[in-house]
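The values are calculated or read from the model by the stated rules, or taken from the named source; none is laboratory data. Predicted model only: the values in this text are computed from it and were never measured. Reconstructed Cβ throughout: ideal geometry from the backbone, glycine too, with neighbour counts over all protein chains shown.
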Amino acid sequence: MSLLQFLDTEIRPIKIMLTYLNSYKRMTGLHETPITKSVKIVGYTSSLFASSLMLIAGIMKVIGAEQMQLKMARVTHFEDKILIIGILELLIVVLYWIPRTMNIGFFLLAS
């Protein structure tokens, strides 16, 4: 085996891999669309609205508001677990508001 054949067999896979990586970077760059400022504002506003409703419901359950206890007693038989449910709601909202845990917070809020 000559030196040229050896280099060709060793360098060709590296060239193919680099070509693939460069084309992948270009393809992902083409699919990303910039988000306009107005779309960000609408997204943050709707997110804040939905999560603040959950926050208020959690606070009402934690402080033991009479209206919340009556509604929970009518719908379910969890009168003794209202405090735990309220704490979980507050914890989920906090997870949603922290940027690093936003994804898991979102899925827990949705469930």
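Given the structure, is E79 loosely packed, with under 11 Cβ neighbours inside 10 Å, at pLDDT below 70 and of a type in the set (D, E)?
no
So which helices (runs of 4 or more DSSP H) are wholly in region 42-111 and hold at least 3 residues that are touching a residue at least 40 places away in the same chain (Cβ under 8 Å)?
82-97
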